[in-house]
Amino acid sequence: MADTLTITDNRTGKQYDVPIAEGTIRAMDLRQIKASPDDFGLMTYDPAFQNTASCRSSITFIDGDKGILEYRGYPIDQLAEHSTYLETAALILNGELPNTAELDAWSREITLHTMLHENIKKFMEGFQYDAHPMGIFLSTVGALSTIYPDAKDITNAETRRLQISRLIAKVPSIAAYAFRHSIGRPYVYPDNDLSFTGNFLNMLFKMTELKYRPHPVLERALDVLFILHADHEQNCSTSAMRSIGSSQADPYASLAGAAAALYGPLHGGANEAVLHMLKEIGSVANVPAFIARVKGGDGRLMGFGHRVYKSYDPRARIIKQTADLVFDVTGRNPLTDIALELERIALEDEYFVSRKLYPNVDFYSGLIYQAMGFPLDMFPVLFAIPRTAGWLAQWDEMLRDADQKIARPRQIYIGAARRDYVPRATRG
Ligand code: CMC
């Protein structure tokens with residue numbers, strides 16, 4: 001029988017035919033497999049969802065063995081070469097590349113929403129001067145939920161669109177305010193004459209000049225980095241976004257949760273961790289000793305390895321090329337030599353080769369950010385800004401998917417069997 005899986009339950013001798021569609025069986029089809037009539041039915045055990053598809057999605061395609069990444073079918077290298085972040089965000093959200101009129105309207109729409117409510121500014125002033133910008137970022141995104149109660153109407157497509165525009169437009173403003181707050185500089189209001197990334201650089205770095213003019217190479221480099229980070233299918237933060245959103249929480253609350261998931265050093269916090277690691281290594285001469293330590297189980301080579309990519313991350317390749325363009329303007333980041341030597345040794349070393357550990361998106365991005373003048377703790381925030389488009393596209397897709405319900409995994413209970421309460425006085 002084609003496209004079915006025949007399962008024999010050796011506990012009962014019964015056979016079951018389970019349909020296979022899109023290379024997948026439905027976990028719920030296993031529920032009919034019971035050892036006795038009062039049995040709950042068979043479940044799958046898959047901690048960290050290593051082999052479980054939680055949704056069907058038409059946004060991003062990854063082939064981890066071949067190192068392929070496509071948004072809506074377009075290869076990432078073509079988008080990085082020809083597109084802009086805002087155009088790519090429109091593609092991810094709508095499924096098609098916008099025509100000129102659509103792109104103009106979309107850019108205007110985003111420009112209209114770049115300002116933050118003055119109360120949000122006051123809210124941000126309450127953070128300690130040395131607060132981590134990612135903590136400020138995710139808290140402030142959550143706080144937007146209180147400013148836009150209309151966002152709760154998540155079943156209304158038009159309302160969802162409005163929140164999507166607001167969020168994509170406001171995340172750079174929040175990020176820039178968090179940065180200025182941490183260094184004690186006054187906030188800079190958006191300049192709507194500038195491009196998305198040009199305005200972001202303006203809000204970050206403008207001093208007393210009347211008009212901030214971003215360096216075109218740095219503006220474009222940041223745009224390319226934003227394109228590369230815009231979506232990456234069902235990673236930890238996107239799963240958090242979908243999971244929180246599945247309870248019908250508003251998009252600000254859901255996105256705050258997604259940003260919190262991104263904060264961790266195994267995910268979007270890795271770019272910051274890479275730079276700390278390179279600083280700790282200190283010189284090319286110390287690289288072999290560091291590699292030996294990692295192989296001995298003491299720490300990880302940050303910026304290496306990926307759950308899905310078992311070959312060179314295509315984004316890392318493009319970032320490496322972008323780094324050269326940026327360093328022509330800013331001067332070479334002196335930590336680059338340590339990174340190149342780490343990569344050279346790791347790509348030849350049996351430990352890394354046999355585990356298929358290659359540089360990921362975070363290995364070189366931090367070197368660029370640092371050369372551009374960003375402090376290390378801003379790096380995860382720079383990941384969160386473009387990923388906002390992906391999170392929202394996935395959230396919107398989830399809400400339109402009739403297969404989806406509130407996310408609620410099962411567990412295998414391994415705790416104590418039923419027992420009676422023991423009064424405190426008689427406990428041992
Ligand atoms: N350095 C040294 N060993 C590693 C590394 C690493 N970076 N990554 C994985 N391994 C080893 C791991 O110890 C294990 O070895 P063994 O089989 O002997 O126990 C094997 O490789 C498989 O690792 P795993 O932890 O089962 O793999 P995973 O798929 O659960 O983890 C990962 C993926 C990205 C969390 C992991 O590779 C890692 O911690 N990398 C460093 C952090 C990092 O760079 N994160 C950014 C990921 S890309 C950006 C994004 O999040 O989208």
Q) Is there a residue in region 241-249 that is at positive phi, in contact (Cβ under 8 Å) with a residue 24 or more places away in the chain and assigned to a loop (DSSP other than H, G, I, E, B)? A) yes
Q: Could you check LEU342 against (1) under 30 Å from THR140 (Cα atoms); (2) of a type in the set (A, V, I, L, M); (3) modelled with pLDDT of 95 or more and say which number it fails?
A: (1)
Q. So which residues in region 40-60 are of a type outside the set (A, V, I, L, M), more than 16 Å from PHE226 (Cβ to Cβ) and touching a residue at least 24 places away in the same chain (Cβ under 8 Å), if there are any at all?
A. TYR45, PHE49, GLN50, THR52, SER54, CYS55, ARG56, SER57, SER58
Q: Write out, first by first residue and then by second, each pair whose Cβ atoms fall under 8 Å of each other, whose residues are 6+ apart or on separate chains, and whose first residue, in region 210-232, is closer than 24 Å to GLN78 by Cβ and acidic (Asp, Glu) while the second is within 16 Å of the ligand (Cβ to nearest atom) and assigned to a loop (DSSP other than H, G, I, E, B).
A: ASP231/ILE59
Q: Being at pLDDT below 95 and aliphatic (A, V, I, L, M) narrows it down to one of LEU399, LEU367, so name that one.
A: LEU367
**Q.** Residues satisfying the stated conditions in region 357-374, i.e. surrounded by fewer than 22 Cβ atoms within 10 Å (Cβ to Cβ) and either near the ligand (Cβ under 8 Å from one of its atoms) or of a type in the set (A, V, I, L, M) (or both)
**A.** LEU357, ALA371, MET372
Q. Under 9 Å by Cβ, and 6 or more places apart or on different chains, what pairs join a residue from region 282-301 that is under 11 Å from LEU342 (Cα atoms) and touching a residue at least 40 places away in the same chain (Cβ under 8 Å) with one that is near the ligand (Cβ under 9 Å from one of its atoms) and assigned to a loop (DSSP other than H, G, I, E, B)?
A. PHE290/GLY299; PHE290/LEU301; ILE291/LEU301; LEU301/LEU357
Q. Which ranges mark the helices (runs of 4 or more DSSP H) fully within region 1-113 that have 1 or more residues being at pLDDT below 95?
A. 100-112
Q.
Whether any residue in region 385-399 is within 15 Å of the ligand (Cβ to nearest atom), part of a helix (DSSP H, G or I), touching a residue at least 12 places away in the same chain (Cβ under 8 Å) and over 16 Å from the mean Cα position of the chain (by Cα) is what I want to check.
A. no
Q) For region 42-52, how many residues meet the condition of being under 18 Å from the mean Cα position of the chain (by Cα) and either surrounded by 13 or more Cβ atoms within 10 Å (Cβ to Cβ) or of a type in the set (Val, Ile, Thr) (or both)? A) 1
Q) What's the number of the condition GLU233 fails, among (1) acidic (Asp, Glu); (2) within 16 Å of the ligand (Cβ to nearest atom); (3) crowded, with 20+ Cβ neighbours inside 10 Å? A) (3)
Q: Kindly indicate whether VAL224 is away from the ligand (no atom under 12 Å from the Cβ), touching a helix residue (DSSP H, G or I) at 6+ places or on another chain (Cβ under 6 Å) and part of a helix (DSSP H, G or I).
A: yes
Q.
Report every pair of residues separated by at least 6 positions or lying on different chains whose Cβ atoms are under 7 Å apart, first residue within region 262-275 and in contact (Cβ under 8 Å) with a residue 40 or more places away in the chain and more than 7 Å from the ligand (Cβ to nearest atom), second basic (Lys, Arg) and part of a helix (DSSP H, G or I).
A. LEU262/ARG387
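Considering only residues that are aromatic (Phe, Trp, Tyr) and in contact (Cβ under 8 Å) with a residue 40 or more places away in the chain, which ones fall in region 102-127?
The one that is aromatic (Phe, Trp, Tyr) and in contact (Cβ under 8 Å) with a residue 40 or more places away in the chain: PHE127.
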(Q) Yes or no: region 136-144 includes at least one residue that is part of a helix (DSSP H, G or I), touching an Asp or Glu at 6+ places or on another chain (Cβ under 8 Å) and under 27 Å from ALA105 (Cβ atoms). (A) no
(Q) Please count how many residues of region 279-310 are outside any helix (DSSP H, G or I), more than 10 Å from the ligand (Cβ to nearest atom) and within 21 Å of ILE368 (Cα to Cα). (A) 2
**Q.** Odd one out for THR238, checked against (1) over 23 Å from LEU86 (Cα atoms); (2) part of a helix (DSSP H, G or I); (3) within 11 Å of the ligand (Cβ to nearest atom)
**A.** (1)
Q.
Within region 304-318, does at least one residue satisfy the condition of being buried (at least 20 other Cβ atoms within 10 Å of the Cβ) and within 14 Å of the chain's Cα centre (by Cα)?
A. yes
Q. What are the residue pairs meeting all of these: first residue in region 1-22, first residue over 20 Å from ALA53 (Cβ atoms), second residue outside any strand (DSSP E or B), Cβ atoms under 7 Å, and 6 or more apart or on different chains?
A. ASP9/ILE33; ARG11/ALA35; THR12/ALA35; TYR16/GLN32; TYR16/ILE33; ASP17/MET1
Q. In region 156-172, is there at least one residue being part of a helix (DSSP H, G or I), acidic (Asp, Glu), modelled with pLDDT under 95 and out of contact with any Lys or Arg (no Cβ under 7 Å at 6 or more places or on another chain)?
A. no
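The values are calculated or read from the model by the stated rules, or taken from the named source; none is laboratory data. Being a predicted model, the structure only gives us computed values, none of them experimental. Here the Cβ is made from the backbone with ideal geometry for all residues, glycine too, and neighbour counts use every protein chain on show.
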